[in-house]
Every structure is written in C-alpha cells, then in structure tokens.
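Colleague: I'd like to ask some things about the structure below.
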Amino acid sequence: MRSSYEPLTGGRQQGRSTASRLYRRRVTHVLVTGGAGFIGTHVVTALQDAGHRVTVLDSGHPGAHRQPLPDTVAGAPLVRADVRDRSAVDGALAGVDVVVHQAAMVGLGVDLDDLPEYAGCNDLGTAVLLAAMARAGVHRLVLASSMVVYGEGAYACPAHGPVRPAPRTVADLAAARFEPTCPTCGAVVAPGLVDEDAPLDPRSGYAATKLAQEHLTSVWARQTGGSVVALRYHNVYGPGMPRDTPYSGVAAIFRSSIEGGRPPRVFEDGGQRRDFVHVRDVAAANLAALEATGTRTGWRAYNIASGRPATIGELATELARAADGRPPVVTGEFRLADVRHVVASPARAEAELGFRAAVGLTDGIAEFAHAPLRG
Ligand code: UD1
C-alpha cells in the first residue's frame, strides 16, 4: 500500500537514514474510538506501527465485548467511556490531532427494539464527538462507514440498462426468487460494481444510522472547514472477529459453526455476492485515510474492498475446507433486510488514497480458519 504523502508522515521510506526520517516525521496523536473492538484493535496496531501516538476510547459495549476491557490496546492507553459521554470525550481529546471513529453498534441486530441503541451509539455518539472536536479545535476525522449505505448494489437490466431494483418481497424470497428484478419489465437484473456515487438507500436500522453518521460528518466538515474521510467498509473478516452473536457478520457465524462441529448454514441459494476484505487491509486503509485528512479539507467517501467478490456459498465452502470442518448446507432461509449482491469498485480508494487490498481471499481464509476469535 502506498500513501499519497508518505514522506511527511513517517511511512516506510526506503533509502533514507533513520535520522532524516525522524527529523521529517511529526508524530500525530490519534484518538481511536472503539479501539478495543475487532477492527479498532487492528487499526490501533497499524497506527502505532506507523509511529503515531494513539489513545483509545471504548465503552466495552456488550454487543461487541463479552470480556472486560483491557487497560491498554496494543500498548495504547484506553479510556473506558461511552462516546456519548460529553465530559469523557472532552477529556480524551486533549492534545489530539486526528480522530478515527470506529465506535458503533454493527450488524443487523435482533429486532426493532435494538433501534434506539443503534441510533444512540451511532448517531447521538457521533454528534457528541463532533461537537467536542469543534470545541477542542480538532479538524481531522476518519469515519468508519459501511457499504450498507448503498442498500442493494448496482444492477443492469438487459433491456433497460442501469436500474434500481425494488426491495425484495417476502413472497419472492419464500418462493426462492432471490435475484432482484427490473422495476419496469420484471426481468432478472445483472449485478455490477458499486462506486461511491451510487444512490444511497439504507435497508436496515443499522444502515440508516451509518448513513446518518455520513450526513452528520459532512455537515461538520462544511461548518468547521475540517477534513473527513469516510471509509465504506465491505465485509470485514480476520483474526479477532467476535464469535457468533446477532451482531456478527457471516464469516464469524460460519467460523463459529465449524468450530462447534456444525456445518455452516448458507441462506438463500448461496449465490449472493459480497466483497470480503481482510481486517489488516482495513487497518491499512485507515492509515492512508488518516494521512489524507492532513492534506485537504471537505468530506469524501471511499469503498474499502478487495475488488475480488465471492459468493456466500464459496466463502462457506472455502472456510469449511480450510478448517477441516463439515461442508456447508444451503438452507434456502432468508432475512428480509438482507440485500442480494453488493460488490464494490475499489478504484477511488486506490487512485486517491493509494490503498489497495493486499490479502487475497484464499490466504485470508486459510489464516482465518484457525485464527482466534473474540470470546
Ligand atoms: C455485513 C455486516 C454489516 C457490515 C457489512 C459491511 C452484519 C450482520 N452485517 O453486512 O454490519 O456493515 O457487512 O462490512 O454484521 N448469511 C448466511 N448464513 C448465516 C448468516 C448470513 O448465509 O448464518 C448470509 C446472509 O443472508 C447474507 C450474507 O450472508 O446474504 C451476508 O450476511 P452478513 O454478513 O450478516 O451481512 P451483510 O449484509 O453482508
């Protein structure tokens, strides 16, 4: 991975002496919210490895943590507090140059009773953070957003070109008609790559709160003259992923099944497509984004994806094989809030952030098959 202005921020600079590297590098103090979580821990490690000073703010939310929080994350001090706690956030921002905002409730959740907590953690929390940053004069923010803001991915109808399919109905799903159809002629539409200018159409409570975070941070950037890079993560997997919970992504659910001697249960017909991106690549993307916030103002979103989509059936098969587990079963079950295909163009992140995923799915799955999960 290459960053656009590496020489000033202390990335790897072959051929330079250590003295000149230290002279040129200004250590950045970064506050990572949610830094004790699955992705946050990898982000903290990557930032520290790049020479930045890191402070972590994390509440140890029970949706993400079953164990008590540690005192430090990869050596970085941890402030145990909720991002909605104004005075704790004010305190944690002392001396900070940039915030990397990972703290959020993720996943589809259980039911609508989860909605207040999603909105509270994700949107009220972001609003409290942004207000505190404005008070503290901190103008740089990296936001962990999600591909869920797109809803269904990009599609084209053979007769009508690019179309936005309507949400799938219970009747269609129950009849195993999983592929979205053209709103004009009803033909099955072909999936394509979503880019960052695609229409935004959140289809779950969680997705709506991630989109609201994007809007809040965009308004903040405009009003403060600050800089925000929003990273739309695709399906993140890798070591330290939480075990099976209602808030876990499919890779962790499959891994937990295999570990428990059960076959992974593949919903629909297994043909639904996603882009699985390794958590160390996501951490590298955060580092590149952090650097970008130092070179410009305004708000910009990026897909953070591998660029190599896979079906859920393929993921289950590869994971079961790599872990010597039982082969998957395709159940035909469905969840109404699920989208069928969402796969991304990673082109903008590569062109503007210099980020390109390095871990291929086969290698990533081989590691993930035996990697520790969070308890
Ligand atoms: C996931 C995350 C979302 C995150 C996004 C991008 C969850 C629940 N969703 O969205 O938070 O923002 O990636 O990183 O964490 N499936 C099975 N069997 C199962 C469970 C799921 O086949 O046991 C299928 C689902 O039907 C779906 C696919 O796997 O088609 C992906 O599911 P999941 O990982 O839950 O959700 P995403 O929509 O991809």
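The values are calculated or read from the model by the stated rules, or taken from the named source; none is laboratory data. Small disclaimer: the values here were computed from a predicted structure and weren't measured. Positions of Cβ are backbone-derived with ideal geometry, glycine not excepted, and every protein chain shown enters the neighbour counts. Protein only, heavy atoms only, side chains kept; ligands, DNA and RNA dropped before computing areas. Shrake-Rupley method; radii C 1.70, N 1.55, O 1.52, S 1.80 Å.
Colleague: Has the stretch 191-214 got any residue that is within 10 Å of the ligand (Cβ to nearest atom), part of a strand (DSSP E or B) and over 14 Å from A301 (Cα atoms)? Reasoning before the result, please.
Modeller: Of the residues in the stretch 191-214, the ones within 10 Å of the ligand (Cβ to nearest atom) are 203-204, 206-207, 210.
Filter once more, so that each one left must be part of a strand (DSSP E or B): none.
The answer is no, given that none of the residues of the stretch 191-214 is within 10 Å of the ligand (Cβ to nearest atom), part of a strand (DSSP E or B) and over 14 Å from A301 (Cα atoms).
Colleague: Which residue, of L129, L78, is assigned to a helix (DSSP H, G or I), modelled with pLDDT of 95 or more and surrounded by 15 or more Cβ atoms within 10 Å (Cβ to Cβ)? Give the derivation first.
Modeller: Values: L78 fails: assigned to a helix (DSSP H, G or I).
Within the list L129, L78, the selection yields L129.
Colleague: Right, something else. Just wondering, is there one or more residues in the stretch 241-260 that are assigned to a helix (DSSP H, G or I), open to solvent by 20 Å² or more (accessible area, probe 1.4 Å) and free of Cβ contacts under 8 Å to residues at least 40 places away in the same chain?
Modeller: So far as the stretch 241-260 goes, yes, one or more of its residues are assigned to a helix (DSSP H, G or I), open to solvent by 20 Å² or more (accessible area, probe 1.4 Å) and free of Cβ contacts under 8 Å to residues at least 40 places away in the same chain.
Colleague: Considering each of A198, A190 in turn, give the residue that is in contact with a strand residue (DSSP E or B) (Cβ under 9 Å, 6 or more places away or on another chain), closer than 14 Å to V148 by Cβ and open to solvent by 20 Å² or more (accessible area, probe 1.4 Å). Working first, answer last.
Modeller: Working: A190 fails: closer than 14 Å to V148 by Cβ.
Unique residue meeting the criteria: A198.
Colleague: Would you check which residues across the stretch 81-115 are outside any loop (DSSP other than H, G, I, E, B) and within 16 Å of the ligand (Cβ to nearest atom) and list them? Reasoning before the result, please.
Modeller: Step one: of the stretch 81-115, the residues outside any loop (DSSP other than H, G, I, E, B) are 86-92, 98-101, 112-115.
Those that are outside any loop (DSSP other than H, G, I, E, B) and within 16 Å of the ligand (Cβ to nearest atom): H101, L112, D114, L115.
Colleague: Name the one entry in V330, V279, V339 that is surrounded by 21 or more Cβ atoms within 10 Å (Cβ to Cβ) and more than 23 Å from H42 (Cα to Cα). Step through it out loud before you land on a result.
Modeller: Working: V330 fails: surrounded by 21 or more Cβ atoms within 10 Å (Cβ to Cβ); V279 fails: more than 23 Å from H42 (Cα to Cα).
Of V330, V279, V339, the one residue that is surrounded by 21 or more Cβ atoms within 10 Å (Cβ to Cβ) and more than 23 Å from H42 (Cα to Cα) is V339.
Colleague: Take the residues in the stretch 139-154 that are in contact with a Gly (Cβ under 8 Å, 6 or more places away or on another chain) and in contact (Cβ under 8 Å) with a residue 60 or more places away in the chain, then tell me which one is surrounded by the most Cβ atoms within 10 Å (Cβ to Cβ). Give the derivation first.
Modeller: In the first step, residues of the stretch 139-154 are kept if they are in contact with a Gly (Cβ under 8 Å, 6 or more places away or on another chain); the result is 139-141, 144, 153-154.
Filter once more, keeping what is in contact (Cβ under 8 Å) with a residue 60 or more places away in the chain: 139-141, 144, 153.
Details: H139: 20, R140: 23, L141: 27, A144: 29, G153: 23.
Checking each candidate, the answer is A144.
Colleague: While we're on this one: If you take the residues of the stretch 215-240 that are of a type in the set (S, T, Y) and part of a strand (DSSP E or B), which of them is farthest from the ligand (Cβ to nearest atom)? Can you show your working first?
Modeller: Of all residues in the stretch 215-240, those of a type in the set (S, T, Y) come to 217-218, 224, 227, 233, 237.
Now narrow it down to the ones that are part of a strand (DSSP E or B): 227, 233, 237.
Numbers: S227: 23, Y233: 5, Y237: 9 Å.
Here the answer is S227.
Colleague: Return the residues of the stretch 188-200 that are out of contact with any Cys (no Cβ under 6 Å at 6 or more places or on another chain) and closer than 24 Å to D269 by Cα; say none if nothing qualifies.
Modeller: Of the stretch 188-200, the ones out of contact with any Cys (no Cβ under 6 Å at 6 or more places or on another chain) are 188, 190-200.
Residues satisfying the conditions are V188, A190, P191, G192, L193, V194.
Colleague: Of all residues in the stretch 132-179, count the ones that are part of a loop (DSSP other than H, G, I, E, B) and not aromatic (F, W, Y). Don't jump to the end; show me each part of the working.
Modeller: We begin by selecting, within the stretch 132-179, every residue part of a loop (DSSP other than H, G, I, E, B); these are 137-139, 151-153, 158-160, 164-169, 175-179.
So of that shortlist, the ones also not aromatic (F, W, Y) come out as 137-139, 151-153, 158-160, 164-169, 175-177, 179.
The number of residues fulfilling the criteria is 19.
Colleague: Give the stretch 160-187 a look and list any residue that's in contact with a Cys (Cβ under 8 Å, 6 or more places away or on another chain) and among the hydroxyl-bearing types (S, T, Y), or say none. Walk me through how you get there before you give the answer.
Modeller: Initial filter on the stretch 160-187 (in contact with a Cys (Cβ under 8 Å, 6 or more places away or on another chain)): 160, 163, 165, 182, 184-185, 187.
Matches in the stretch 160-187: T184 only.
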